[in-house]
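Throughout, read-outs are computed from the coordinates displayed, never taken from laboratory work. Bear in mind the structure is a predicted one, so any value in this text is a computation, not a measurement. Please note: Cβ atoms are built from the backbone with ideal geometry, for glycine as well, and neighbour counts cover all protein chains shown.
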Amino acid sequence: MINQDALFFFGQNPAALPLFEAFEGRLQQKVGEFSVRVQKTQITYSNRYVFACVSFLKVRKARQRPPVYIVVTFGLDHPLESPRIDAAVEASPRRWTHHVLVSDVKEIDEELLNWVQQAYQFSAEK
């Protein structure tokens, strides 16, 4: 069940809400317990620390962005090499932040969820 804060977050982009619901539903099946915090610019997922976020970050130029999307962000101790990764930045030593633009529910697949699960484990072990 989606909370009211998340509904408010998607107020300007209601067409993206099904992407978020699919991501969060699959995430709940894939990892252990986590907390969710809705902020002005992102929705964060934490265990001990933040391990993933959902946002509308502009990781691509406007003409390359689909009309409906979310960006899933997660942190790992190493950079991932994949054409699906829109950006990977070493935010601090041994912490790589990855951004993946998702515009279709089919893109919330095992590969993406495995990356987020790795981020969940990485966050829990810090």
- Return yes when Leu17 is touching a residue at least 40 places away in the same chain (Cβ under 8 Å), under 23 Å from Asp86 (Cβ atoms) and crowded, with 17+ Cβ neighbours inside 10 Å and no when it is not. no
- Query: Which of the residues that make up region 50-80 are within 16 Å of Trp115 (Cα to Cα), assigned to a loop (DSSP other than H, G, I, E, B) and touching a residue at least 24 places away in the same chain (Cβ under 8 Å)?
  - Reply: Asp77, Leu80
- Query: On the given criteria, is Tyr120 crowded, with 17+ Cβ neighbours inside 10 Å, within 18 Å of Leu7 (Cα to Cα), more than 11 Å from the chain's Cα centre (by Cα) and aromatic (Phe, Trp, Tyr)?
  - Reply: no
- So is Pro83 part of a loop (DSSP other than H, G, I, E, B) and either on the phi > 0 side of the Ramachandran plot or free of Cβ contacts under 8 Å to residues at least 40 places away in the same chain (or both) or not? yes
- Task: Quickly run through region 30-58 and pick out the residues that are surrounded by fewer than 18 Cβ atoms within 10 Å (Cβ to Cβ) and either among the aliphatic types (A, V, I, L, M) or on the phi > 0 side of the Ramachandran plot (or both).
- Result: Val36, Val38
